[in-house]
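Enquirer: Take this structure, written in structure tokens, and hold onto it; I'll ask about it next.
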Amino acid sequence: MTATKGLEGIVAASSSISSIIDGVLTYRGINIDDLAENATFEEVAYLLWYGKLPNRSELDGLQQKLDQYAAIPNQVIEQIKLYPKGTNSMAALRTAISSLALYDESANDMSPEANQLKAIKLQAQLPTVVAAFARIRDGKEPVAPKQGVSIAYNFLYMLTGEEPAEVAVKALDQALVLHADHELNASTFAARVTVATLSDIYSGVTSAIGALKGPLHGGANEAVMVMLEEIGSLANVEGYINNALANKQKIMGFGHRVYKDGDPRAKHLQQMSRELGKLTGNMELYEMSIKIEDLVTGQKGLKPNVDFYSASVYTTLGIPRDLFTPIFAISRVSGWSAHILEQYQDNRLIRPRADYVGPVNAKYIPIEQR
Ligand SMILES: CC(C)(COP(=O)(O)OP(=O)(O)OC[C@H]1O[C@@H](n2cnc3c(N)ncnc32)[C@H](O)[C@@H]1OP(=O)(O)O)[C@@H](O)C(=O)NCCC(=O)NCCS
């Protein structure tokens, strides 16, 4: 037995949810470019769960359920108030989502209908949890979700307590579409491994949040912003990047395990970053990002991934950087839950083997002789 480090190139599941073939990403066979241009995030979530785009009444039905479940139990809000000062936002999300299960009487109901409904509940509640956490840590009271509005609108509304601008809602909605699913990425795999033991959907999503938190995965968008802040201005880009590359440092937001010729989602975020920059009259983050891309692609051949331009987009929307990865989770919970439902439909325990490289024929030595 020899191990394939990082499971690179290993096909670990069959799935009909999303595909990456020859560098093209599709959700249920529909090109991500088409969806990014035309679909709303709610349509995409429906597509991922049910395998087809919703008609008007199906979409209205989903909206009603999202409205019905968007509020979170008071107990969870009270718990968030007890989190220590300075709690990491993804750690807070991981804990709060795990705790939501305690207040859902159907948490351990494994019927397909109950699990489908829990997928919608999680999608409805995750934005509420993130917004509540953000306000509480800023010393403010959470804002209750509004009815009959999109997830993008509701999140911005709950975060700020104000009606969001249409352009901000549209940009966030498109970002949510772009992040919704991505084949067997690390967090989705973590979710599938967890529920393949026939554990519940909350456990699967909690595992996924833990995996998404890391800087090699969802945490990269926040790390990109840390880098942009460290660089500080367009004039400093060249020196900073040349120095980082010379010291063999990783440049966050570049490279990908699957795409070697560019991430098809990045161009949409790049365009969004440019348009938002123009609109707000502040192009510096966009221009810095373009210059970083020129240098990193020119010297290393590495292309930006989905996280790179997300950083300037979210910052221009006025979103604090420690909420970037939670926003990724707000979107990706649609994909995680679709994969969890798919795993339940044709389940087999996921239990690979390890290539043992430790000592052999070792003997127990009594403690006095060690
Ligand atoms: C995404 C990522 C984890 C993929 O990892 P991987 O498939 O294991 O690829 P590797 O880390 O083995 O990279 C292959 C080579 O490219 C280099 N490389 C990869 N990403 C790099 C980056 N962002 N900056 C600089 N060099 C990078 C590696 O150092 C390695 O070089 P080497 O062969 O000289 O050692 C990796 O590209 C990365 O860490 N990127 C930054 C984090 C990030 O943006 N994550 C979000 C992914 S959507």
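Enquirer: Of all residues in the stretch 246-256, count the ones that are open to solvent by 20 Å² or more (accessible area, probe 1.4 Å), within 7 Å of the ligand (Cβ to nearest atom) and among the hydrophobic types (A, V, I, L, M, F, W, C).
Expert: 2
Enquirer: Within the stretch 328-358, track down each residue that is within 16 Å of the ligand (Cβ to nearest atom) and farther than 30 Å from ALA244 by Cα. Outline the logic, then answer.
Expert: Going residue by residue through the stretch 328-358, those that are within 16 Å of the ligand (Cβ to nearest atom) are 328-329, 331-332, 335-336.
Result: SER331, ARG332, GLY335, TRP336.
Enquirer: Please verify whether the stretch 41-57 includes one or more residues that are within 16 Å of the ligand (Cβ to nearest atom), small (Gly, Ala, Ser) and within 26 Å of ARG192 (Cα to Cα). Write out each step before concluding.
Expert: Of the residues in the stretch 41-57, the ones within 16 Å of the ligand (Cβ to nearest atom) are none.
No; the residues of the stretch 41-57 include none that is within 16 Å of the ligand (Cβ to nearest atom), small (Gly, Ala, Ser) and within 26 Å of ARG192 (Cα to Cα).
Enquirer: Also, I was wondering about something else. Can ASP294 be described as charged (D, E, K, R), under 30 Å from GLN125 (Cα atoms) and either within 16 Å of the ligand (Cβ to nearest atom) or outside the structural domain of TYR50 (by TED's automatic domain parsing) (or both)? Spell out how you get there, then give the answer.
Expert: On the way: charged (D, E, K, R): yes; under 30 Å from GLN125 (Cα atoms): no; either within 16 Å of the ligand (Cβ to nearest atom) or outside the structural domain of TYR50 (by TED's automatic domain parsing) (or both): yes.
Taking the combined requirement at face value, the residue does not satisfy it.
Enquirer: Working only within the stretch 218-237, note down all residues that are part of a loop (DSSP other than H, G, I, E, B) and within 13 Å of the ligand (Cβ to nearest atom). So that I can check it myself, show each step before the final result.
Expert: First pass over the stretch 218-237, keeping only residues part of a loop (DSSP other than H, G, I, E, B): 218-219, 232-233.
Scanning the stretch 218-237 gives GLY218, GLY219.
Enquirer: Given ILE120, ILE136, ILE97, ILE151, which one is more than 26 Å from ILE340 (Cβ to Cβ) and touching a helix residue (DSSP H, G or I) at 6+ places or on another chain (Cβ under 6 Å)? Before the answer, list the steps.
Expert: On the way: ILE120 fails: more than 26 Å from ILE340 (Cβ to Cβ); ILE97 fails: more than 26 Å from ILE340 (Cβ to Cβ); ILE151 fails: more than 26 Å from ILE340 (Cβ to Cβ).
It is ILE136.
Enquirer: From the list TYR240, TYR259, exactly one residue is within 11 Å of the ligand (Cβ to nearest atom), hydroxyl-bearing (Ser, Thr, Tyr) and either farther than 30 Å from GLY161 by Cα or open to solvent by 20 Å² or more (accessible area, probe 1.4 Å) (or both). Which is it?
Expert: Working: TYR240 fails: within 11 Å of the ligand (Cβ to nearest atom).
On inspection, the qualifying residue turns out to be TYR259.
Enquirer: Report whether or not ARG265 is touching a residue at least 12 places away in the same chain (Cβ under 8 Å) and open to solvent by 50 Å² or more (accessible area, probe 1.4 Å).
Expert: Values: touching a residue at least 12 places away in the same chain (Cβ under 8 Å): yes; open to solvent by 50 Å² or more (accessible area, probe 1.4 Å): no.
Taking the combined requirement at face value, the residue does not satisfy it.
Enquirer: Among the numbered criteria (1) free of Cβ contacts under 8 Å to residues at least 40 places away in the same chain; (2) crowded, with 16+ Cβ neighbours inside 10 Å; (3) aliphatic (A, V, I, L, M), which single criterion is violated by ILE21?
Expert: (2)
Enquirer: Within the set of pairs 6+ apart or on separate chains, which have a first residue in the stretch 1-14 that is assigned to a loop (DSSP other than H, G, I, E, B), a second that is of a type in the set (Val, Ile, Thr) and open to solvent by 80 Å² or more (accessible area, probe 1.4 Å), and C-beta atoms under 8 Å apart?
Expert: THR4/ILE10
Enquirer: Out of the residues in the stretch 153-172 that are surrounded by fewer than 19 Cβ atoms within 10 Å (Cβ to Cβ) and among the small types (Gly, Ala, Ser), which is farthest from SER310 (Cα to Cα)? Don't jump to the end; show me each part of the working.
Expert: Taking the stretch 153-172 first, the residues surrounded by fewer than 19 Cβ atoms within 10 Å (Cβ to Cβ) are 160-163, 165-167, 170.
Filter once more, so that each one left must be among the small types (Gly, Ala, Ser): 161, 165.
Values: GLY161: 23, ALA165: 18 Å.
That would be GLY161.
Enquirer: How about the stretch 297-327: which of its residues are among the polar types (S, T, N, Q) and away from the ligand (no atom under 16 Å from the Cβ)?
Expert: Initial filter on the stretch 297-327 (among the polar types (S, T, N, Q)): 297, 299, 305, 310, 312, 315-316, 325.
Once the filter is applied, which keeps residues that are among the polar types (S, T, N, Q) and away from the ligand (no atom under 16 Å from the Cβ), the stretch 297-327 yields THR315, THR316.
Enquirer: Suppose the filter is under 15 Å from MET90 (Cβ atoms), open to solvent by 30 Å² or more (accessible area, probe 1.4 Å) and more than 13 Å from the chain's Cα centre (by Cα); does VAL226 pass it? Lay out the reasoning, then the answer.
Expert: On the way: under 15 Å from MET90 (Cβ atoms): yes; open to solvent by 30 Å² or more (accessible area, probe 1.4 Å): yes; more than 13 Å from the chain's Cα centre (by Cα): yes.
Considered against the rule, which asks whether it is under 15 Å from MET90 (Cβ atoms), open to solvent by 30 Å² or more (accessible area, probe 1.4 Å) and more than 13 Å from the chain's Cα centre (by Cα), VAL226 comes out as yes.
Enquirer: Taking the stretch 260-275 as the region of interest, how many residues are closer than 15 Å to LEU178 by Cα and assigned to a loop (DSSP other than H, G, I, E, B)?
Expert: The first filter runs over the stretch 260-275 and keeps only residues closer than 15 Å to LEU178 by Cα, leaving 262-273.
Now narrow it down to the ones that are assigned to a loop (DSSP other than H, G, I, E, B): 262-265.
Result for the stretch 260-275: 4.
Enquirer: Going through the stretch 276-289 one residue at a time, which ones are of a type outside the set (Val, Ile, Thr), open to solvent by 70 Å² or more (accessible area, probe 1.4 Å), part of a helix (DSSP H, G or I) and touching a residue at least 24 places away in the same chain (Cβ under 8 Å)? Steps first, please.
Expert: In the first step, residues of the stretch 276-289 are kept if they are of a type outside the set (Val, Ile, Thr); the result is 276-279, 281-289.
Subset that is open to solvent by 70 Å² or more (accessible area, probe 1.4 Å): 278-279, 282, 284, 287.
Still in the running and part of a helix (DSSP H, G or I): 278-279, 284, 287.
The answer is LEU279, GLU284, GLU287.
Enquirer: Looking only at residues that are within 29 Å of the chain's Cα centre (by Cα) and part of a helix (DSSP H, G or I) in the stretch 238-251, which one is farthest from LYS303 (Cα to Cα)? Give the derivation first.
Expert: First pass over the stretch 238-251, keeping only residues within 29 Å of the chain's Cα centre (by Cα): 240-241, 244-245, 248-251.
Applying the additional criterion that residues be part of a helix (DSSP H, G or I) yields 240-241, 244-245.
Numbers: TYR240: 18, ILE241: 14, ALA244: 16, LEU245: 14 Å.
Across the stretch 238-251, the extreme among qualifying residues is TYR240.
Enquirer: If the Cβ limit is 6 Å and pairs must be 6+ apart or interchain, which residue in the stretch 290-316 that is touching a residue at least 24 places away in the same chain (Cβ under 8 Å) and within 16 Å of ASP173 (Cα to Cα) pairs with which residue that is more than 14 Å from the ligand (Cβ to nearest atom) and β-branched (Val, Ile, Thr)?
Expert: Final answer for the pair search is THR316/THR280.
Enquirer: Take residues that are open to solvent by less than 50 Å² (accessible area, probe 1.4 Å) and more than 24 Å from GLY204 (Cα to Cα) and tell me which of the helices (runs of 4 or more DSSP H) falling wholly in the stretch 29-143 contain 2 or more. Before you say what the answer is, go through the steps one by one.
Expert: On the way: elements: 32-38, 41-50, 56-69, 74-82, 89-100, 112-137.
Qualifying helices (runs of 4 or more DSSP H): 32-38, 56-69, 112-137.
Enquirer: Next up: Is it the case that some residue within the stretch 190-211 is among the acidic types (Asp, Glu), over 25 Å from THR95 (Cβ atoms) and surrounded by fewer than 24 Cβ atoms within 10 Å (Cβ to Cβ)? Talk me through it step by step, then tell me what you get.
Expert: Filtering the stretch 190-211 down to residues among the acidic types (Asp, Glu) leaves 200.
Among the residues that remain, those that are also over 25 Å from THR95 (Cβ atoms) are: none.
Looking through the stretch 190-211, none of the residues is among the acidic types (Asp, Glu), over 25 Å from THR95 (Cβ atoms) and surrounded by fewer than 24 Cβ atoms within 10 Å (Cβ to Cβ).
Enquirer: When you scan the stretch 62-108, how many residues do you find that are touching a residue at least 12 places away in the same chain (Cβ under 8 Å) and of a type in the set (Asp, Glu)?
Expert: Residues flagged as touching a residue at least 12 places away in the same chain (Cβ under 8 Å) and of a type in the set (Asp, Glu) within the stretch 62-108 amount to 2.
The values are calculated or read from the model by the stated rules, or taken from the named source; none is laboratory data. Please read these numbers as outputs of a predicted model, since none were measured by experiment. Backbone-built Cβ (ideal geometry, glycine too); neighbour counts: all protein chains shown. These accessible areas exclude ligands, DNA and RNA; they are computed on the full protein's heavy atoms, side chains included. Shrake-Rupley method; radii C 1.70, N 1.55, O 1.52, S 1.80 Å.
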